[in-house]
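The values are calculated or read from the model by the stated rules, or taken from the named source; none is laboratory data. Everything quoted here is computed from the prediction, not taken from an experiment. Note that each Cβ is placed from the backbone with ideal geometry, even for glycine, and that neighbours are counted across all protein chains shown. Just so you know, the surface numbers come from the protein's heavy atoms only, side chains and all, with ligands and any DNA or RNA stripped out. Shrake-Rupley method; radii C 1.70, N 1.55, O 1.52, S 1.80 Å.
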Amino acid sequence: MQSFIQWRRGVEVLLRQNRICTYCTKSNMTPSADITTDTVTVRGKTYNRDSWTNVTPTILQKLGKNLHGKKYHPLNLIKLRINDFFYKNYFNKYRNPLFSVYDNLSPVVTLYQNYDSLLVPVDHPSRRKTDSYYINSEYMLRAHTSCHQVDLIGMGLDAFLLYGDVYRRDAIDSSHFPVFHQVEGLRLYTKYELFNKSTDKDTLNLFEDGQRLPTKQESHTHETSVMMEHDLKKTLENLTFHLFGKDIEVKWVDAYFPFTHPSWELEIKFRGEWMEVLGCGIMEQKITRSAGAADKVGWAFGLGLERLAMKLYEIPDIRWFWSEDTGFLSQFEVQDPYTSITFKPVSDSPPCINDISFWINQKSFSENDFYDLVRAVGGNQVEQVHLIDSFFHPKKQRQSQTYRIVYRHMERPLTQNEVNILHEKISSKAVQTLDVDIR
(Lines give C-alpha, C1' and ligand atoms only; values in the text may rest on other atoms or scores of the structure.)
Protein backbone atom coordinates (compact mmCIF):
# COMPACT_ATOMS: atom_id res chain seq x y z
CA MET A 1 0.00 0.00 0.00
CA GLN A 2 2.80 2.40 0.92
CA SER A 3 4.55 1.91 -2.44
CA PHE A 4 1.30 2.68 -4.26
CA ILE A 5 0.80 5.93 -2.32
CA GLN A 6 4.37 6.93 -3.17
CA TRP A 7 3.69 6.15 -6.82
CA ARG A 8 0.56 8.35 -6.82
CA ARG A 9 2.53 11.23 -5.34
CA GLY A 10 5.15 10.71 -8.04
CA VAL A 11 2.49 10.93 -10.72
CA GLU A 12 1.31 14.26 -9.33
CA VAL A 13 4.87 15.60 -9.53
CA LEU A 14 5.18 14.38 -13.12
CA LEU A 15 1.90 16.05 -14.03
CA ARG A 16 3.25 19.36 -12.74
CA GLN A 17 6.38 18.76 -14.84
CA ASN A 18 4.20 18.02 -17.88
CA ARG A 19 5.88 14.66 -18.38
CA ILE A 20 2.47 12.95 -18.37
CA CYS A 21 -0.11 14.62 -20.57
CA THR A 22 -2.70 16.40 -18.44
CA TYR A 23 -5.60 14.96 -20.41
CA CYS A 24 -4.85 11.58 -18.83
CA THR A 25 -6.78 12.76 -15.77
CA LYS A 26 -9.85 13.98 -17.68
CA SER A 27 -11.44 10.59 -18.17
CA ASN A 28 -14.90 11.74 -17.10
CA MET A 29 -15.30 13.90 -20.21
CA THR A 30 -17.73 12.43 -22.72
CA PRO A 31 -17.10 13.73 -26.25
CA SER A 32 -20.19 14.21 -28.42
CA ALA A 33 -20.93 11.58 -31.05
CA ASP A 34 -23.78 11.65 -33.52
CA ILE A 35 -24.73 10.09 -36.84
CA THR A 36 -27.16 11.36 -39.50
CA THR A 37 -28.01 10.22 -43.02
CA ASP A 38 -25.08 12.27 -44.39
CA THR A 39 -22.54 12.76 -41.61
CA VAL A 40 -20.87 11.26 -38.55
CA THR A 41 -19.78 13.60 -35.75
CA VAL A 42 -17.21 12.55 -33.15
CA ARG A 43 -15.58 14.83 -30.58
CA GLY A 44 -16.93 17.90 -32.29
CA LYS A 45 -15.53 16.97 -35.71
CA THR A 46 -17.90 16.08 -38.54
CA TYR A 47 -17.11 13.51 -41.24
CA ASN A 48 -19.02 12.89 -44.46
CA ARG A 49 -20.54 9.44 -44.85
CA ASP A 50 -19.78 7.32 -47.91
CA SER A 51 -20.05 3.71 -49.07
CA TRP A 52 -17.56 2.59 -46.40
CA THR A 53 -19.50 4.00 -43.44
CA ASN A 54 -20.64 1.16 -41.20
CA VAL A 55 -20.30 2.57 -37.69
CA THR A 56 -23.61 2.38 -35.81
CA PRO A 57 -25.30 4.66 -33.26
CA THR A 58 -24.94 1.86 -30.69
CA ILE A 59 -21.16 1.87 -31.12
CA LEU A 60 -20.91 5.67 -31.14
CA GLN A 61 -22.63 5.74 -27.75
CA LYS A 62 -19.60 3.95 -26.29
CA LEU A 63 -17.14 6.66 -27.36
CA GLY A 64 -15.81 8.76 -24.51
CA LYS A 65 -16.83 6.33 -21.77
CA ASN A 66 -13.13 5.67 -21.01
CA LEU A 67 -13.82 2.85 -18.57
CA HIS A 68 -10.09 2.43 -17.94
CA GLY A 69 -10.01 5.94 -16.48
CA LYS A 70 -13.00 5.68 -14.15
CA LYS A 71 -12.10 5.54 -10.48
CA TYR A 72 -12.96 2.20 -8.85
CA HIS A 73 -13.70 0.54 -12.17
CA PRO A 74 -12.04 -2.90 -12.48
CA LEU A 75 -10.26 -1.86 -15.70
CA ASN A 76 -8.87 1.17 -13.91
CA LEU A 77 -7.54 -1.05 -11.12
CA ILE A 78 -5.70 -3.17 -13.70
CA LYS A 79 -4.33 -0.03 -15.32
CA LEU A 80 -3.02 1.23 -11.96
CA ARG A 81 -1.27 -2.10 -11.35
CA ILE A 82 0.44 -1.97 -14.75
CA ASN A 83 1.50 1.65 -14.27
CA ASP A 84 2.80 0.84 -10.82
CA PHE A 85 5.04 -1.90 -12.23
CA PHE A 86 6.64 0.33 -14.85
CA TYR A 87 7.01 3.34 -12.58
CA LYS A 88 8.69 1.33 -9.84
CA ASN A 89 11.11 -0.53 -12.09
CA TYR A 90 12.16 1.73 -14.99
CA PHE A 91 13.82 5.12 -14.62
CA ASN A 92 15.69 7.58 -16.81
CA LYS A 93 19.04 9.09 -15.93
CA TYR A 94 17.31 11.74 -13.82
CA ARG A 95 15.63 8.99 -11.75
CA ASN A 96 12.21 9.94 -13.11
CA PRO A 97 9.94 7.19 -14.45
CA LEU A 98 11.07 6.18 -17.92
CA PHE A 99 7.64 5.38 -19.35
CA SER A 100 5.19 8.20 -19.99
CA VAL A 101 1.47 7.42 -20.04
CA TYR A 102 -1.25 8.39 -22.53
CA ASP A 103 -4.84 7.31 -22.09
CA ASN A 104 -7.22 9.66 -23.88
CA LEU A 105 -6.11 9.87 -27.51
CA SER A 106 -8.98 10.06 -29.96
CA PRO A 107 -10.23 6.67 -31.18
CA VAL A 108 -10.88 8.15 -34.63
CA VAL A 109 -7.82 7.50 -36.78
CA THR A 110 -6.96 7.42 -40.46
CA LEU A 111 -6.69 4.17 -42.37
CA TYR A 112 -3.01 4.99 -42.79
CA GLN A 113 -2.53 5.13 -39.02
CA ASN A 114 -4.42 1.91 -38.35
CA TYR A 115 -2.99 -0.14 -41.23
CA ASP A 116 -0.34 1.32 -43.51
CA SER A 117 1.88 2.85 -40.81
CA LEU A 118 2.06 -0.65 -39.28
CA LEU A 119 2.76 -2.49 -42.55
CA VAL A 120 -0.59 -4.30 -42.52
CA PRO A 121 -0.96 -5.92 -45.99
CA VAL A 122 -3.62 -4.48 -48.29
CA ASP A 123 -5.37 -7.86 -48.42
CA HIS A 124 -5.31 -8.45 -44.64
CA PRO A 125 -8.72 -9.61 -43.29
CA SER A 126 -8.79 -6.85 -40.65
CA ARG A 127 -9.22 -4.24 -43.40
CA ARG A 128 -12.59 -5.65 -44.49
CA LYS A 129 -15.78 -3.75 -43.71
CA THR A 130 -17.05 -6.88 -42.01
CA ASP A 131 -14.21 -6.76 -39.45
CA SER A 132 -13.74 -3.08 -38.54
CA TYR A 133 -15.82 0.06 -37.95
CA TYR A 134 -15.41 2.75 -40.59
CA ILE A 135 -16.41 6.41 -40.35
CA ASN A 136 -15.83 6.65 -44.10
CA SER A 137 -13.21 5.57 -46.62
CA GLU A 138 -10.53 7.72 -44.93
CA TYR A 139 -11.31 7.46 -41.20
CA MET A 140 -12.21 4.64 -38.84
CA LEU A 141 -12.47 3.72 -35.17
CA ARG A 142 -9.09 2.29 -34.21
CA ALA A 143 -8.90 -1.50 -34.14
CA HIS A 144 -5.82 -1.47 -31.89
CA THR A 145 -3.79 1.01 -29.86
CA SER A 146 -0.73 0.25 -32.01
CA CYS A 147 -2.07 2.78 -34.52
CA HIS A 148 -0.54 5.62 -32.46
CA GLN A 149 3.01 4.22 -32.40
CA VAL A 150 4.41 6.22 -35.30
CA ASP A 151 2.85 9.49 -34.10
CA LEU A 152 4.23 9.19 -30.57
CA ILE A 153 7.69 8.12 -31.72
CA GLY A 154 7.63 11.07 -34.11
CA MET A 155 7.04 13.33 -31.08
CA GLY A 156 10.37 12.11 -29.71
CA LEU A 157 9.10 9.53 -27.22
CA ASP A 158 11.30 6.49 -26.57
CA ALA A 159 9.22 4.70 -23.93
CA PHE A 160 5.49 4.93 -23.31
CA LEU A 161 2.32 3.16 -22.24
CA LEU A 162 -0.82 3.91 -24.22
CA TYR A 163 -4.32 2.96 -23.02
CA GLY A 164 -7.44 3.19 -25.11
CA ASP A 165 -10.74 1.77 -26.26
CA VAL A 166 -10.59 -0.22 -29.50
CA TYR A 167 -13.36 -1.30 -31.85
CA ARG A 168 -13.83 -4.54 -33.77
CA ARG A 169 -16.83 -6.25 -35.30
CA ASP A 170 -17.00 -9.64 -33.65
CA ALA A 171 -19.16 -12.47 -32.37
CA ILE A 172 -21.57 -12.10 -29.47
CA ASP A 173 -20.71 -14.21 -26.45
CA SER A 174 -19.48 -13.87 -22.88
CA SER A 175 -15.89 -13.01 -23.84
CA HIS A 176 -16.40 -10.79 -26.92
CA PHE A 177 -17.71 -7.24 -27.18
CA PRO A 178 -17.34 -4.76 -30.07
CA VAL A 179 -15.54 -2.32 -27.77
CA PHE A 180 -12.73 -3.34 -25.45
CA HIS A 181 -9.62 -1.77 -23.96
CA GLN A 182 -5.93 -2.29 -24.63
CA VAL A 183 -2.63 -1.08 -23.30
CA GLU A 184 0.25 -0.66 -25.72
CA GLY A 185 3.81 -0.61 -24.40
CA LEU A 186 6.82 0.46 -26.44
CA ARG A 187 10.50 1.06 -25.81
CA LEU A 188 13.28 2.23 -28.12
CA TYR A 189 17.03 1.78 -27.63
CA THR A 190 20.10 3.51 -28.99
CA LYS A 191 23.25 1.48 -29.52
CA TYR A 192 24.69 2.79 -26.27
CA GLU A 193 21.54 2.00 -24.25
CA LEU A 194 21.32 -1.56 -25.55
CA PHE A 195 24.98 -2.54 -25.29
CA ASN A 196 26.29 -0.30 -22.48
CA LYS A 197 26.68 -3.24 -20.09
CA SER A 198 28.51 -5.45 -22.59
CA THR A 199 32.26 -5.85 -22.20
CA ASP A 200 32.75 -5.52 -25.97
CA LYS A 201 30.23 -2.73 -26.48
CA ASP A 202 32.59 -0.72 -28.67
CA THR A 203 32.69 -3.45 -31.32
CA LEU A 204 28.96 -4.19 -31.37
CA ASN A 205 26.54 -2.67 -33.87
CA LEU A 206 22.76 -2.42 -34.05
CA PHE A 207 22.49 -2.80 -37.80
CA GLU A 208 23.81 -4.80 -40.71
CA ASP A 209 22.89 -5.50 -44.32
CA GLY A 210 22.00 -9.12 -43.68
CA GLN A 211 19.42 -11.80 -44.25
CA ARG A 212 15.94 -12.03 -42.78
CA LEU A 213 15.62 -15.13 -40.62
CA PRO A 214 12.91 -16.49 -38.27
CA THR A 215 14.95 -15.10 -35.37
CA LYS A 216 15.95 -11.68 -36.75
CA GLN A 217 15.26 -8.91 -39.24
CA GLU A 218 17.56 -8.35 -42.20
CA SER A 219 18.77 -5.00 -40.84
CA HIS A 220 19.44 -6.19 -37.27
CA THR A 221 22.64 -7.85 -36.15
CA HIS A 222 22.47 -11.13 -34.29
CA GLU A 223 23.55 -9.37 -31.10
CA THR A 224 20.77 -6.80 -31.44
CA SER A 225 18.13 -9.50 -31.87
CA VAL A 226 19.37 -11.53 -28.90
CA MET A 227 19.58 -8.53 -26.58
CA MET A 228 16.20 -7.14 -27.60
CA GLU A 229 14.46 -10.49 -27.23
CA HIS A 230 15.99 -11.00 -23.79
CA ASP A 231 15.02 -7.52 -22.60
CA LEU A 232 11.47 -7.74 -23.95
CA LYS A 233 10.75 -11.18 -22.53
CA LYS A 234 12.29 -10.38 -19.16
CA THR A 235 10.20 -7.20 -18.90
CA LEU A 236 6.94 -8.93 -19.76
CA GLU A 237 7.57 -11.99 -17.61
CA ASN A 238 8.19 -9.67 -14.66
CA LEU A 239 5.01 -7.75 -15.47
CA THR A 240 3.10 -11.04 -15.52
CA PHE A 241 4.55 -12.08 -12.15
CA HIS A 242 3.61 -8.64 -10.83
CA LEU A 243 -0.02 -9.12 -11.91
CA PHE A 244 -0.57 -12.82 -11.24
CA GLY A 245 2.02 -13.75 -8.63
CA LYS A 246 5.58 -15.04 -8.77
CA ASP A 247 4.55 -18.70 -8.83
CA ILE A 248 2.64 -18.44 -12.10
CA GLU A 249 3.85 -20.74 -14.91
CA VAL A 250 4.59 -19.00 -18.23
CA LYS A 251 5.49 -20.06 -21.75
CA TRP A 252 6.34 -18.26 -25.00
CA VAL A 253 4.67 -19.14 -28.30
CA ASP A 254 5.92 -17.97 -31.70
CA ALA A 255 3.42 -15.68 -33.43
CA TYR A 256 2.97 -13.41 -36.43
CA PHE A 257 2.13 -9.71 -36.46
CA PRO A 258 2.73 -7.46 -39.50
CA PHE A 259 4.44 -4.81 -37.39
CA THR A 260 6.94 -6.92 -35.42
CA HIS A 261 9.51 -9.61 -36.22
CA PRO A 262 10.19 -11.90 -34.55
CA SER A 263 6.88 -11.99 -32.66
CA TRP A 264 5.58 -13.94 -29.67
CA GLU A 265 2.55 -14.50 -27.50
CA LEU A 266 2.92 -14.99 -23.76
CA GLU A 267 0.72 -17.61 -22.14
CA ILE A 268 0.25 -18.36 -18.47
CA LYS A 269 -1.16 -21.37 -16.66
CA PHE A 270 -3.86 -19.82 -14.51
CA ARG A 271 -6.13 -21.93 -12.30
CA GLY A 272 -5.16 -25.02 -14.24
CA GLU A 273 -5.69 -23.65 -17.75
CA TRP A 274 -3.34 -22.07 -20.27
CA MET A 275 -4.42 -18.63 -21.46
CA GLU A 276 -2.90 -16.02 -23.75
CA VAL A 277 -2.00 -12.82 -21.92
CA LEU A 278 -0.39 -10.62 -24.55
CA GLY A 279 1.27 -10.34 -27.95
CA CYS A 280 4.63 -8.70 -28.55
CA GLY A 281 7.73 -8.53 -30.71
CA ILE A 282 10.69 -6.60 -32.05
CA MET A 283 9.43 -3.59 -33.99
CA GLU A 284 9.91 -3.72 -37.74
CA GLN A 285 12.77 -1.35 -38.53
CA LYS A 286 10.75 0.11 -41.42
CA ILE A 287 8.33 1.49 -38.81
CA THR A 288 10.94 3.08 -36.55
CA ARG A 289 12.63 4.52 -39.64
CA SER A 290 9.40 6.04 -40.95
CA ALA A 291 8.76 7.58 -37.53
CA GLY A 292 12.11 9.37 -37.54
CA ALA A 293 14.02 7.01 -35.26
CA ALA A 294 16.19 5.24 -37.83
CA ASP A 295 19.16 5.06 -35.41
CA LYS A 296 17.15 3.13 -32.78
CA VAL A 297 15.63 -0.32 -32.35
CA GLY A 298 12.50 -1.07 -30.38
CA TRP A 299 10.11 -3.60 -28.95
CA ALA A 300 6.37 -3.34 -28.41
CA PHE A 301 3.60 -5.28 -26.72
CA GLY A 302 -0.18 -5.11 -26.42
CA LEU A 303 -2.62 -6.70 -24.00
CA GLY A 304 -6.35 -6.54 -23.34
CA LEU A 305 -7.48 -5.14 -20.01
CA GLU A 306 -10.80 -7.01 -20.00
CA ARG A 307 -9.07 -10.36 -20.44
CA LEU A 308 -6.88 -9.71 -17.40
CA ALA A 309 -9.72 -8.35 -15.27
CA MET A 310 -12.04 -11.27 -16.10
CA LYS A 311 -9.39 -13.72 -14.90
CA LEU A 312 -8.14 -11.79 -11.88
CA TYR A 313 -11.60 -10.92 -10.55
CA GLU A 314 -13.48 -13.98 -11.91
CA ILE A 315 -15.92 -11.84 -13.92
CA PRO A 316 -17.79 -14.33 -16.14
CA ASP A 317 -19.31 -11.98 -18.73
CA ILE A 318 -17.61 -9.11 -20.57
CA ARG A 319 -20.87 -7.12 -20.58
CA TRP A 320 -20.41 -6.44 -16.88
CA PHE A 321 -17.68 -3.88 -17.60
CA TRP A 322 -20.31 -1.60 -19.13
CA SER A 323 -22.77 -1.98 -16.27
CA GLU A 324 -23.59 1.03 -14.12
CA ASP A 325 -25.29 -1.15 -11.51
CA THR A 326 -24.05 -0.25 -8.04
CA GLY A 327 -24.14 -3.91 -7.09
CA PHE A 328 -21.33 -4.47 -9.57
CA LEU A 329 -19.31 -1.26 -9.22
CA SER A 330 -19.37 -1.21 -5.42
CA GLN A 331 -17.39 -4.44 -5.33
CA PHE A 332 -14.37 -2.55 -6.70
CA GLU A 333 -14.47 0.50 -4.43
CA VAL A 334 -11.04 -0.05 -2.92
CA GLN A 335 -8.20 2.37 -2.22
CA ASP A 336 -5.47 -0.17 -2.97
CA PRO A 337 -5.62 -1.64 -6.51
CA TYR A 338 -3.90 -4.77 -5.19
CA THR A 339 -6.87 -5.65 -2.98
CA SER A 340 -7.98 -9.22 -3.64
CA ILE A 341 -11.49 -9.16 -5.15
CA THR A 342 -13.70 -12.03 -6.28
CA PHE A 343 -16.72 -10.89 -8.25
CA LYS A 344 -20.08 -11.85 -6.75
CA PRO A 345 -22.89 -12.14 -9.33
CA VAL A 346 -25.61 -9.54 -8.90
CA SER A 347 -28.24 -11.67 -10.63
CA ASP A 348 -28.66 -15.39 -11.29
CA SER A 349 -31.55 -14.84 -13.70
CA PRO A 350 -32.28 -17.78 -16.01
CA PRO A 351 -31.72 -17.30 -19.75
CA CYS A 352 -34.46 -17.08 -22.37
CA ILE A 353 -33.57 -18.75 -25.65
CA ASN A 354 -35.13 -17.96 -29.04
CA ASP A 355 -34.02 -19.14 -32.48
CA ILE A 356 -34.25 -17.22 -35.74
CA SER A 357 -34.04 -18.82 -39.21
CA PHE A 358 -33.84 -17.02 -42.52
CA TRP A 359 -32.84 -17.33 -46.15
CA ILE A 360 -29.79 -15.20 -46.92
CA ASN A 361 -28.40 -13.45 -49.96
CA GLN A 362 -25.04 -15.19 -50.20
CA LYS A 363 -23.47 -12.28 -52.06
CA SER A 364 -24.32 -9.60 -49.50
CA PHE A 365 -24.98 -11.28 -46.14
CA SER A 366 -22.35 -10.76 -43.44
CA GLU A 367 -22.55 -12.49 -40.07
CA ASN A 368 -21.01 -9.47 -38.37
CA ASP A 369 -23.74 -7.26 -39.87
CA PHE A 370 -26.29 -9.51 -38.16
CA TYR A 371 -24.38 -9.34 -34.87
CA ASP A 372 -24.33 -5.53 -35.06
CA LEU A 373 -28.07 -5.51 -35.70
CA VAL A 374 -28.72 -7.75 -32.68
CA ARG A 375 -26.55 -5.51 -30.49
CA ALA A 376 -28.31 -2.38 -31.74
CA VAL A 377 -31.78 -3.77 -31.02
CA GLY A 378 -31.15 -6.04 -28.04
CA GLY A 379 -28.33 -4.18 -26.31
CA ASN A 380 -26.90 -5.82 -23.22
CA GLN A 381 -29.98 -8.00 -22.84
CA VAL A 382 -28.42 -10.36 -25.39
CA GLU A 383 -25.88 -12.67 -23.80
CA GLN A 384 -24.76 -14.57 -26.89
CA VAL A 385 -25.60 -15.41 -30.49
CA HIS A 386 -24.33 -18.43 -32.36
CA LEU A 387 -25.03 -20.25 -35.60
CA ILE A 388 -26.68 -23.62 -34.93
CA ASP A 389 -27.67 -24.69 -38.45
CA SER A 390 -26.77 -23.89 -42.03
CA PHE A 391 -27.89 -25.67 -45.17
CA PHE A 392 -28.32 -25.13 -48.91
CA HIS A 393 -31.73 -26.02 -50.37
CA PRO A 394 -31.07 -27.65 -53.78
CA LYS A 395 -34.56 -26.99 -55.17
CA LYS A 396 -34.88 -23.41 -53.96
CA GLN A 397 -31.20 -22.77 -54.67
CA ARG A 398 -31.04 -20.76 -51.46
CA GLN A 399 -28.88 -20.76 -48.35
CA SER A 400 -30.56 -20.96 -44.95
CA GLN A 401 -29.03 -20.08 -41.59
CA THR A 402 -30.40 -20.49 -38.09
CA TYR A 403 -29.05 -18.54 -35.13
CA ARG A 404 -29.72 -19.14 -31.46
CA ILE A 405 -30.06 -15.95 -29.43
CA VAL A 406 -29.63 -16.23 -25.66
CA TYR A 407 -31.30 -13.39 -23.76
CA ARG A 408 -30.36 -12.69 -20.16
CA HIS A 409 -30.49 -9.42 -18.25
CA MET A 410 -27.54 -9.00 -15.91
CA GLU A 411 -29.57 -7.39 -13.15
CA ARG A 412 -33.14 -8.81 -13.26
CA PRO A 413 -35.14 -11.68 -14.77
CA LEU A 414 -36.59 -11.23 -18.25
CA THR A 415 -40.10 -12.48 -19.00
CA GLN A 416 -40.67 -14.58 -22.10
CA ASN A 417 -43.10 -11.92 -23.33
CA GLU A 418 -40.38 -9.24 -23.11
CA VAL A 419 -38.01 -11.49 -25.02
CA ASN A 420 -40.59 -12.30 -27.70
CA ILE A 421 -41.17 -8.60 -28.36
CA LEU A 422 -37.42 -7.99 -28.59
CA HIS A 423 -36.96 -11.02 -30.81
CA GLU A 424 -39.68 -9.83 -33.19
CA LYS A 425 -37.95 -6.44 -33.48
CA ILE A 426 -34.71 -8.20 -34.40
CA SER A 427 -36.51 -10.30 -37.03
CA SER A 428 -38.22 -7.28 -38.57
CA LYS A 429 -35.01 -5.25 -38.63
CA ALA A 430 -33.13 -8.13 -40.26
CA VAL A 431 -35.69 -8.30 -43.07
CA GLN A 432 -35.54 -4.52 -43.56
CA THR A 433 -31.77 -4.10 -43.62
CA LEU A 434 -30.02 -7.42 -44.36
CA ASP A 435 -31.94 -8.67 -47.42
CA VAL A 436 -33.06 -11.87 -45.67
CA ASP A 437 -36.37 -13.73 -45.65
CA ILE A 438 -37.60 -15.22 -42.39
CA ARG A 439 -38.36 -18.93 -42.67
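If you go through segment 323-337 and pick out every residue that is exposed (fewer than 15 other Cβ atoms within 10 Å of the Cβ) and in contact with a helix residue (DSSP H, G or I) (Cβ under 8 Å, 6 or more places away or on another chain), you end up with 2.
Looking at segment 71-88, is at least one residue at pLDDT 90 or above, over 24 Å from the mean Cα position of the chain (by Cα), farther than 30 Å from Asp325 by Cα and not acidic (Asp, Glu)? Checked segment 71-88: at least one residue is at pLDDT 90 or above, over 24 Å from the mean Cα position of the chain (by Cα), farther than 30 Å from Asp325 by Cα and not acidic (Asp, Glu). Within segment 127-157, the set of residues being more than 12 Å from Tyr115 (Cα to Cα) and of a type in the set (D, E, K, R) comprises Lys129, Asp131, Asp151. Filtered by the rule that a residue be surrounded by fewer than 20 Cβ atoms within 10 Å (Cβ to Cβ) and either without any contact (Cβ under 8 Å) to a residue 12 or more places away in the chain or closer than 28 Å to Val253 by Cβ (or both), segment 176-197 gives His176, Tyr192, Glu193, Asn196, Lys197. Per the listing Leu157, Leu162, Leu186, Leu239, the residue uniquely within 28 Å of the chain's Cα centre (by Cα), in a loop (DSSP other than H, G, I, E, B) and at pLDDT 95 or above is Leu157. Among the residues of segment 385-394, just one is open to solvent by less than 60 Å² (accessible area, probe 1.4 Å) and within 19 Å of Leu422 (Cα to Cα), namely Val385. Among the residues of segment 294-316, the ones that are within 18 Å of Arg271 (Cβ to Cβ), assigned to a loop (DSSP other than H, G, I, E, B) and open to solvent by 10 Å² or more (accessible area, probe 1.4 Å) come to 2 in all.
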